[in-house]
Amino acid sequence: MNKVVNCTDRSLVLERFEKESQKKCHSKSKPKGLFFPAPIPNKVILGDSIKVLEEFPPDTAQLIVTSPPYYNAKTEYSEYVDYQEYLDFLRKVFVRCHYVLSEGRFIVIHVSPVLIKRTSRNTSSKRIPIPFDIHRIMDSIGFYFIDDIIWEKPEGAGWNVGRGRRFKADRQPLQYKPVTVTEYVLVYRRRTDKLIDWNIRKHYDRKPVEESKINGGYDVTNIWRIAPGTNKRHLAVFPDELVHKIIRYYSFKGDMVLDPFGGSGTVGRVAYKMQRRFLLIDKEPSYYNVMKEMISELVDDSTRVDYSIENNVDEEL
């Protein structure tokens with residue numbers, strides 16, 4: 001059942017689900033010490049993640065998978081006054097993510113340094129080390145750093161940015177700049193004094209825990225060789241394979257997977273196919289429409305999906 005919910009109605013929806021959660025989690029039959037997630041259905045929301053996530057309770061998400069918007073991705077203008085404003089924006093989003101993420105669970109961020117092209121022949125290009133600045137933000141908020149997975153693209157994938165062409169032609173020392181074919185997949189865990197084993201043992205339902213075991217082959221090293229994804233309606237998309245691996249390694253079936261920068265909805269699509277719930281948020285109406293269309297075509301009639309629109313962006317649709 002697909003349902004459209006406006007911002008004014010969402011508080012009533014959350015109130016209902018919180019009551020259901022209390023009824024389920026505080027019943028006499030509930031074993032003590034077990035973890036119960038907030039029973040929130042699949043959602044696709046048009047709005048600012050900072051404001052939207054303020055309306056969700058703790059234990060909403062058991063995994064967050066996201067790729068923040070690139071800094072100065074649109075060369076004709078900047079959405080941010082400067083780089084610090086961009087970092088401040090990300091911090092606000094990740095603070096809200098920390099609040100809704102269950103204790104000891106994971107947030108996985110796909111990010112890479114950004115190349116600022118030179119404005120003239122008399123100026124230099126510059127690479128901004130966004131992953132390292134994001135680490136400082138995550139550490140200060142309350143996340144443990146777990147892993148830096150390296151996503152390696154096929155050779156030649158980075159030539160389109162022009163990096164390395166000068167050295168290839170001149171071969172002069174000091175001019176060397178390698179073509180970038182890797183990006184970071186940073187893995188953090190919500191800080192807790194409980195071991196990861198606690199999240200496994202104290203899950204309320206043993207069946208999805210057993211069904212989520214990693215059988216067969218798996219990635220032994222932190223180098224993942226995956227071809228880039230493509231989508232004509234989005235500039236930069238997650239490859240399905242990358243999202244599949246993340247969800248496989250860092251969640252159980254039935255978990256809620258959140259992407260606060262939903263984009264084309266890849267996280268939601270892959271999560272649904274892997275029997276997880278999804279919460280997708282994006283402030284761009286065009287991306288919301290893409291996600292809504294894609295999810296509507298994907299889910300079956302028995303699957304509930306709520307499509308929500310913030311009041312302050314209604315006029316943009």
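No lab work stands behind these numbers, since they all come straight from the coordinates. Remember, predicted model here, so these are calculated numbers, not experimental data. When we count neighbours, we look across all protein chains shown, and the Cβ atoms used for this are built from the backbone with ideal geometry, even at glycine.
Does region 239-281 classify as rounded, prolate or oblate by the C-alpha gyration tensor (a ≥ b ≥ c root eigenvalues; a/c under 1.5 gives rounded; else a/b over b/c gives prolate, otherwise oblate)? It comes out oblate by the Cα gyration axes. When each of the peptides 181-189, 124-132 is scored by the mean number of other C-beta atoms lying within 10 Å of its residues, the order from highest to lowest reads 181-189, 124-132. Checking the cross-link pairs 51/253; 177/283; 92/253; 92/117; 126/168; 207/273 against a 25 Å limit on the alpha carbon distance flags 51/253; 177/283; 92/253; 92/117 as lying beyond it. Residues in region 197-211 carry Karplus couplings, in order, of 4, 4, 4, 7, 6, 9, 5, 5, 10, 6, 4, x, 5, 5, 6 Hz; the curve used is 6.51 cos²θ - 1.76 cosθ + 1.60 with θ = phi - 60°, and Gly or Pro positions show x. Taking amide H atoms as placed 1.01 Å from N in the peptide plane, the amide H of residue 125 lies under 5 Å from those of 118, each 5 or more residues away in sequence or on another chain. Rounded to 0.05, the FRET efficiency of the residue 153 and residue 273 pair, given R0 = 25 Å and the Cβ-Cβ distance, is 0.60.
Using a cutoff of 8 angstrom between alpha carbon atoms and counting only pairs six or more residues apart, the relative contact order for region 198-267 works out to 33 percent. For region 244-317, pairs of C-alpha atoms spaced more than 18 angstrom apart make up 37 percent of the total.
Distant-in-sequence amide contacts of residue 256, defined by a placed amide H-H separation under 5 Å and a gap of 5 or more residues or a different chain, comprise 62, 63, 277. Using the Karplus relation 6.51 cos²θ - 1.76 cosθ + 1.60 with θ = phi - 60°, the per-residue 3J(HN,Hα) values for region 180-195 come to 7, 10, 10, 9, 8, 10, 8, 10, 10, 10, 4, 4, 7, 8, 8, 6 Hz, with x marking Gly and Pro. Sequentially through region 95-102, phi angles give Karplus couplings (6.51, -1.76, 1.60; θ = phi - 60°) of 5, 5, 4, 4, 5, 8, 7, 5 Hz, Gly and Pro residues having no value and appearing as x.
The simple spin-label model puts a point 7 Å past each Cα toward its Cβ; for residue 207 and residue 222 those points are separated by 3.7 nm.
Close amide H pairs (under 5 Å, H built 1.01 Å from N) link residue 105 with 190, residues at least 5 positions away or on another chain.
A straight Cα-to-Cα reach below 15 Å connects residue 202 with the aspartates and glutamates 59, 103, 193, 210, 255, residues fewer than 8 places away in its own chain not being considered.
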